[in-house]
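Written out below as structure tokens is the structure these notes cover.
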Amino acid sequence: MEFTIFILRLAIYILAFPIYLLNFLGLWSRICKKCFPYFLARFTVMYNEQMASKKRELFGNLQEFAGPSGKLSLLEVGCGTGANFRFYPPGCRVTCIDPNPNFEKFLIKSIAENRHLQFERFVIAAGENMHQVADGSVDVVVCTLVLCSVKNQEQILREVCRVLRPGGAFYFMEHVAAERSTWNSFWQQVLDPVWPLLFDGCSLTRESWKTLERAGFSKLKLQHIQAPLSWEMVRPHIYGYAVK
């Protein structure tokens, strides 16, 4: 099995050589940063259609974590195009963080389409370093399809715990590694070396639930599912929330 994976990976390396060359020259990242938001804008429409029921279930109790004023202060890390906005409760105060500034114009469009929200600001930063957000200043942090691509999962979860108030919650929905010894796992391992180059750092083989279990939350509600998605590679999912 390992030898077969090696041979198939070698074939992919050969086919993707121009991409690797552009990446070595420092050009590919610039191309991806500009083009990826357009791909994601299309992908999230499909993703929301197929995952709408799960997102409604996931975000159904967000308002329970609102502060004394009754208004929910929410920070979305890796906000992308604002695909989650329509699932947030009315009056929710939303701050967005993403390292890619090219998402801003897509966010503006999403804000205009979701007048039930109170948009606070868009911060250009990586989730591993959210120093612009004060300690204990938000009720909820949301992170969907982000832990697959961050450089350091442990660090981003430390930052999440820092910015959450005591008793606040972290909501997540992520694609993860398939169960080992399955064909899906086999193809994930074959494609994983080139996948991050094509999809802005995304990895197919991360076992993100293990990082969440080690993060030290007082409560963790986590479910594994096979998402009803067209792309077989990203069907294995986890979703749920953790309380600080």
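The values are calculated or read from the model by the stated rules, or taken from the named source; none is laboratory data. Predicted model, so just to flag it, every value in this text is computed and none were measured. No Cβ is skipped: glycine too gets one built from the backbone with ideal geometry, and neighbour counts run over all protein chains shown. Ligands, DNA and RNA are stripped out before the accessible areas are found, and what is left, the full protein with its side chains, is counted by its heavy atoms. Shrake-Rupley method; radii C 1.70, N 1.55, O 1.52, S 1.80 Å.
Can you give the convex hull volume of the alpha carbon atoms of region 72-129 per residue, in Å³? Working shown, then result.
On the way: hull volume 3.8 nm³, N = 58.
About 66 Å³ per residue, rounded to a whole number.
Skip the ligands, DNA and RNA, and give the accessible area per residue of region 1-148 with a 1.4 Å probe, whole Å².
Working: 7890 Å² over 148 residues.
Counting only protein heavy atoms, the per-residue value for region 1-148 is 53 Å².
Just to be sure I understand the model, the point goes 7 Å from the Cα along the line to the Cβ. What's the resulting E113 to F24 distance in nm?
Placing both labels 7 Å along Cα→Cβ, they lie 4.1 nm apart.
Could you give the length gained on full extension between E57 and K151, defined as 0.36 nm per residue of separation minus the Cα-Cα distance, in nm?
31.0 nm
By per-residue mean of other Cβ atoms within 10 Å, what is the highest-first order of 63-69, 105-111? Let's see the in-between values first.
Working: 63-69: 13.3, 105-111: 16.3.
Top to bottom by mean Cβ count within 10 Å: 105-111, 63-69.
Among [x] 67, 45, 32; [y] 84, 42, 34; [z] 59, 36, 32, which one is Cα extents along the principal axes in Å computed from these coordinates?
Read-out taken from this structure: [z].
Compute the distance in nm between two label points, each set 7 Å from the Cα along the Cα-to-Cβ direction, one at R180 and one at S69.
Inter-label distance under the simple model: 4.9 nm.
Classify region 101-196 from the C-alpha gyration tensor, please: rounded if a/c falls under 1.5, else prolate or oblate depending on whether a/b exceeds b/c. If you can, show how the numbers build up before the last one.
Details: a/c = 2.18, a/b = 1.57, b/c = 1.39.
Since a/c reaches 1.5 and a/b is larger than b/c, the shape of region 101-196 is classed as prolate.
Note down the net charge around H237, summing +1 for each Lys or Arg and -1 for each Asp or Glu among other residues with Cβ under 9 Å from its Cβ. Kindly include the intermediate steps, with their values, before the conclusion.
Details: positive: K54, R235; negative: E174.
So the surrounding residues net to +1.
Roll a 1.4 Å probe over the protein chains and send me the accessible area per residue for region 191-244 in Å².
On the way: 2510 Å² over 54 residues.
It amounts to 46 Å² per residue over region 191-244.
Counting only protein heavy atoms, what percent of the accessible surface of region 1-243 is carbon or sulfur at a 1.4 Å probe?
58 percent
Go through 76-88, 231-243, 165-177 and give me the packing order, highest mean Cβ count within 10 Å leading. Please list the in-between numbers first.
On the way: 76-88: 22.8, 231-243: 18.2, 165-177: 20.5.
Descending mean neighbour count gives 76-88, 165-177, 231-243.
Net charge around V141, counting only other residues with Cβ within less than 11 Å of its Cβ (Lys, Arg = +1; Asp, Glu = -1)?
Working: positive: R162, R165, K244; negative: E76, D139, E159.
Charge balance in the 11 Å sphere: 0.
By how many degrees, between 0 and 90 and to the nearest 10, does the Cα long axis of helix 28-58 differ from the longest principal axis of the chain?
60 degrees
All other residues with a Cβ under 14 Å from the Cβ of L204 taken together, and with Lys, Arg as +1 and Asp, Glu as -1, what is their net charge?
On the way: positive: R9, R180, R206, R235; negative: E174, E179, D192, D200, E207, E232.
Spelling it out: positives minus negatives among the neighbours equals -2.
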